[in-house]
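Worksheet: the structure to be examined is printed underneath.
The values are calculated or read from the model by the stated rules, or taken from the named source; none is laboratory data. Bear in mind the structure is a predicted one, so any value in this text is a computation, not a measurement. Please note: Cβ atoms are built from the backbone with ideal geometry, for glycine as well, and neighbour counts cover all protein chains shown.
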Amino acid sequence: MNTLLDSRASHTLHTLIPTNYYKPPKQQSYNPFQPDTIPIPSHEMAPTTQKKWTLSGQDKGFDGLTYGDAAVPKCGENEVLVKLNAASLNYRDLVIPKGMYPFPLKFPVVAGSDGAGEVLEVGSKVTQWKVGDRVTTLFNQAHQYGPMNIAASQSGLGGVIDGTLRQYGVFNENGLVRSPKNLTDAESTTLTCAGLTSWNALYGMKPLKPGQTVLVQGTGGVSMFALQFAKAAGAIVIATTSSAEKAETLKKLGADHVINYREDANWGQTAKALTVGNVGVDHIIEVGGAGTMEQSMQAIKFEGIISVIGFLGGAESKTSVIQTLSNICTARGVYVGSKEMMEDMVAAVEANDIHPVVDKTVFGLDQVREAYDYMWAQKHFGKIAIKIE
Ligand SMILES: NC(=O)c1ccc[n+]([C@@H]2O[C@H](COP(=O)([O-])OP(=O)(O)OC[C@H]3O[C@@H](n4cnc5c(N)ncnc54)[C@H](OP(=O)(O)O)[C@@H]3O)[C@@H](O)[C@H]2O)c1
């Protein structure tokens, strides 16, 4: 089956994604859900060489990324060889070469954490997978279940372990999750980091309930997943953005209220005033860091959860932890999630037929460097997919 070509997904892009985004000249304008765009090898034999992106270190920024030939790795007895058909980018992939990433790294490393594809070979002791299975990568390969621990935090793909911006990868069998049946590989790959982080934020500590209010910041990958998961759960969503055009798309995706954070500096109070009884919001997907925490503290409800996820607006926050007392709330650091959580998320994605929001500009594997620039310029909406042939 050509999994990237599942036509059930097509309505999402056609109806919800603006059509007039910037397109760099070299790029293909490509719809990951249209037939005839990506030939997927089915049960093919692995070649001996492949293309991959390697990051040499943190001293050259994006120039530290090089595209070249490499051997296709051999499968160990507990490992699985995967033909990667799609990858996606995260803000983390951009800040690693810029020296702004706070977790362990090794160099050189194959960049990228998110990947989806098909099992080509299995090691002699593998029990979970067979040739032809559709799989998606787990971000922290050693985070299988339960709370995060030090060993698991040091097992990130594209950070400590070779990642997914390549044609073929060998992974421990525990480091893969079944891809949702309703998603193409270009959609499924986006679950690895952004999807699982949002799932963990909403369900990892104090599970979201129908009727509660969720605030999502901006229109990046993590926030769009949170919007979709929250709507599927019967929650009310308040979204922020800096763009009037993106505000319209947010409404089409189901946001109940949209606030322009550039026009409304006190958007935290505005959000609180939008909740029934002006009590504040139950969950905040806090991706702005220093740029947003002060307003998040204005918006949160007593006993609400601020999931501290990112630092798009800077890492040096002026907000004091003592404000969790004055606002009687919990601010909780979130680092992606476990395989157990990812399997729960896959079930929810299938049951609710959720299709991740993928930017309409999709890049080829040889155009990863352009994709980094496109994402750094924040020209995207939702996730950026990389097509791998
Ligand atoms: N802790 C974890 O496990 C984890 C996992 C994934 C991501 N993250 C972090 O979470 C953050 C978001 O990741 P992402 O992949 O979703 O990023 P992204 O796709 O690059 O998000 C970009 C969007 O965020 C919005 N934004 C930028 N600056 C903002 C600000 N100061 N206030 C509010 N919104 C702002 C903008 O939306 P508009 O254009 O609509 O204004 C922008 O388009 C990053 O810092 C990333 O490192 C952490």
Item to complete: Say whether the condition of being assigned to a helix (DSSP H, G or I) and among the basic types (Lys, Arg) is met by at least one residue in region 202-214.
Response: no
Worksheet item: For region 317-336, which residues satisfy the criterion of being on the phi > 0 side of the Ramachandran plot and within 8 Å of the ligand (Cβ to nearest atom)?
Response: VAL336
Discussion item. Need pairs with beta-carbon distance below 8 Å; first residue assigned by TED's automatic domain parsing to the domain that holds ARG134 and within region 147-169, second assigned to a strand (DSSP E or B) and surrounded by fewer than 18 Cβ atoms within 10 Å (Cβ to Cβ); sequence gap 6+ or separate chains.
Written reply: ARG166/LYS51; ARG166/ALA70; GLN167/LYS51
Worksheet item: Limited to region 91-136, what total is found for residues that are in a loop (DSSP other than H, G, I, E, B) and under 19 Å from GLY57 (Cβ atoms)?
Response: 16
Practice prompt. May I ask you to verify whether GLU294 is within 13 Å of the ligand (Cβ to nearest atom), part of a helix (DSSP H, G or I), over 24 Å from THR190 (Cβ atoms) and of a type in the set (D, E, K, R)?
Written response: yes
Worksheet entry | Which numbered condition PHE302 fails, given (1) more than 24 Å from the chain's Cα centre (by Cα); (2) within 16 Å of the ligand (Cβ to nearest atom) | (2)
Practice prompt. Taking the residues in region 174-198 that are small (Gly, Ala, Ser) and touching a Phe, Trp or Tyr at 6+ places or on another chain (Cβ under 6 Å) as candidates, determine which candidate is farthest from LEU208 (Cα to Cα).
Written response: ALA194
Worksheet item: So which residues in region 230-252 are surrounded by fewer than 21 Cβ atoms within 10 Å (Cβ to Cβ) and in a loop (DSSP other than H, G, I, E, B), if there are any at all?
Response: ALA233, GLY234, SER242, SER243
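Look through region 305-316, keep the residues that are more than 11 Å from the ligand (Cβ to nearest atom) and free of Cβ contacts under 8 Å to residues at least 40 places away in the same chain, and return whichever of them is surrounded by the most Cβ atoms within 10 Å (Cβ to Cβ).
Residue satisfying both the conditions and the ranking: ILE306.
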Worksheet item: If the Cβ limit is 9 Å and pairs must be 6+ apart or interchain, which residue in region 69-97 that is without any contact (Cβ under 8 Å) to a residue 24 or more places away in the chain pairs with which residue that is polar (S, T, N, Q) and assigned to a loop (DSSP other than H, G, I, E, B)?
Response: ALA71/THR48
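I'd like the full set of residues that are among the aliphatic types (A, V, I, L, M), farther than 20 Å from THR270 by Cα and without any contact (Cβ under 8 Å) to a residue 60 or more places away in the chain, limited to region 231-252. So that I can check it myself, show each step before the final result.
Applying the first criterion (among the aliphatic types (A, V, I, L, M)) to region 231-252 yields 232-233, 235-239, 244, 247, 250.
Applying the additional criterion that residues be farther than 20 Å from THR270 by Cα yields 232-233.
Hit for region 231-252 is ALA233, nothing else.
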Item to complete: Output yes when any residue across region 268-288 is surrounded by fewer than 17 Cβ atoms within 10 Å (Cβ to Cβ), of a type in the set (Asp, Glu) and touching a residue at least 12 places away in the same chain (Cβ under 8 Å), and no when none is.
Response: no
Item to complete: State all residues of region 308-331 that are touching a strand residue (DSSP E or B) at 6+ places or on another chain (Cβ under 8 Å) and small (Gly, Ala, Ser); if no residue qualifies, say none.
Response: GLY310, ALA331
